[in-house]
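These notes concern the structure reproduced below.
The values are calculated or read from the model by the stated rules, or taken from the named source; none is laboratory data. Note that this is a predicted model, so its numbers are computed, not measured. Here the Cβ is made from the backbone with ideal geometry for all residues, glycine too, and neighbour counts use every protein chain on show.
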Amino acid sequence: MARSAQTPGLRPFLPADAAMLAALFRESVDELAADDYDDAQREAWASKADDQEAFGALLAGDLTIVALVDGEIAGFASLKDNADFHMLYVRPELARRGVGSALADAIEKIAAGRGTKTLTVDASDAARDFFAARGYVATTRNTIEIGGQWLGNTTMTKALAAPVAGSAH
Ligand SMILES: CC(C)(COP(=O)(O)OP(=O)(O)OC[C@H]1O[C@@H](n2cnc3c(N)ncnc32)[C@H](O)[C@@H]1OP(=O)(O)O)[C@@H](O)C(=O)NCCC(=O)NCCS
């Protein structure tokens, strides 16, 4: 698919985004992970957003940023404890247009700006190539249980460059 020339806008998560991000999360898992996880596995994964209040609290507890394309929410990403790349989800219609990269660039810059030397992600099989293309290296293969389903993922790490003194984050 052709990459859009437009760079997504970014802004912090707001509590009012919770419903939209819960729906985006479900769509992203259902469509973009369909080659790697079966229907029951994707349903179990997506059900993490069924309790919208709890999902919103999870996003608010992390440092969460939202990407905008043409004023609409196109994806979101979150950083936990300054060291874990916790979530990264893009709207299926906007996949492969640089939204995930823009969010990941921002999360890596924020973490580096806070002094984090190594960023860790438990990458889904659907996102493994994305993270590998950004220089993340696989360290551990995991199998996690969600709602009675077993899903594989891979812990990957990336050494972050120290921020340049005086640069904006
Ligand atoms: C993984 C994800 C966030 C990528 O977002 P995206 O906006 O499509 O990514 P980008 O357009 O910025 O892709 C940048 C590069 O990553 C790589 N990449 C991205 N998606 C890929 C895929 N499905 N297969 C192989 N490489 C991929 C490519 O090198 C791509 O560059 P290219 O398009 O010029 O070839 C998105 O597919 C997604 O939301 N997946 C489902 C949810 C998920 O698994 N999230 C991660 C949880 S850990």
Check: Yes or no: ARG128 surrounded by 17 or more Cβ atoms within 10 Å (Cβ to Cβ) and either of a type in the set (S, T, N, Q) or in contact (Cβ under 8 Å) with a residue 40 or more places away in the chain (or both)?
Finding: no
Check: among the small types (Gly, Ala, Ser) and more than 12 Å from the ligand (Cβ to nearest atom): does that describe SER47?
Finding: yes
Check: So ASP70 clears everything in (1) in contact with a Ser or Thr (Cβ under 7 Å, 6 or more places away or on another chain); (2) away from the ligand (no atom under 13 Å from the Cβ); (3) among the charged types (D, E, K, R) except one condition, right? Which one?
Finding: (1)
Notebook entry, point to check: Can you tell me which residues in the stretch 73-103 are polar (S, T, N, Q) and away from the ligand (no atom under 13 Å from the Cβ)?
Noted result: ASN82
Check: Given the conditions (1) modelled with pLDDT of 95 or more; (2) among the small types (Gly, Ala, Ser); (3) more than 18 Å from the chain's Cα centre (by Cα), which single one is not true for ALA2?
Finding: (1)
Checklist line | Residue match in the stretch 81-88 (condition: surrounded by 16 or more Cβ atoms within 10 Å (Cβ to Cβ) and in a helix (DSSP H, G or I)) | finding: no
Item checked: Counted residues, the stretch 132-156 - those being assigned to a strand (DSSP E or B), within 21 Å of ALA40 (Cβ to Cβ) and of a type outside the set (Phe, Trp, Tyr) -> 11
Item checked: Tabulated pairs, the stretch 58-70, first over 23 Å from ALA95 (Cα atoms), second of a type outside the set (Asp, Glu) and assigned to a strand (DSSP E or B), C-beta under 7 angstrom, 6+ apart or interchain -> ASP62/SER78; ASP62/LEU79; ASP62/LYS80; ASP62/HIS86
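Hey, any hits in the stretch 104-113 for a residue that's touching a residue at least 40 places away in the same chain (Cβ under 8 Å), in a strand (DSSP E or B) and either within 20 Å of PRO12 (Cα to Cα) or more than 7 Å from the ligand (Cβ to nearest atom) (or both)?
If we filter the stretch 104-113 for residues that are touching a residue at least 40 places away in the same chain (Cβ under 8 Å), which is where we start, we get 106-113.
Next cut, in a strand (DSSP E or B) only: none.
No, the stretch 104-113 contains no residue that is touching a residue at least 40 places away in the same chain (Cβ under 8 Å), in a strand (DSSP E or B) and either within 20 Å of PRO12 (Cα to Cα) or more than 7 Å from the ligand (Cβ to nearest atom) (or both).
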Margin query: Restricting to the stretch 32-44, give me the number of residues that are assigned to a helix (DSSP H, G or I) and either farther than 11 Å from TYR89 by Cβ or over 17 Å from the mean Cα position of the chain (by Cα) (or both).
Written below: 6
Item checked: From the options ARG26, ARG42, residue that is crowded, with 21+ Cβ neighbours inside 10 Å and more than 22 Å from ASP105 (Cβ to Cβ) -> ARG42
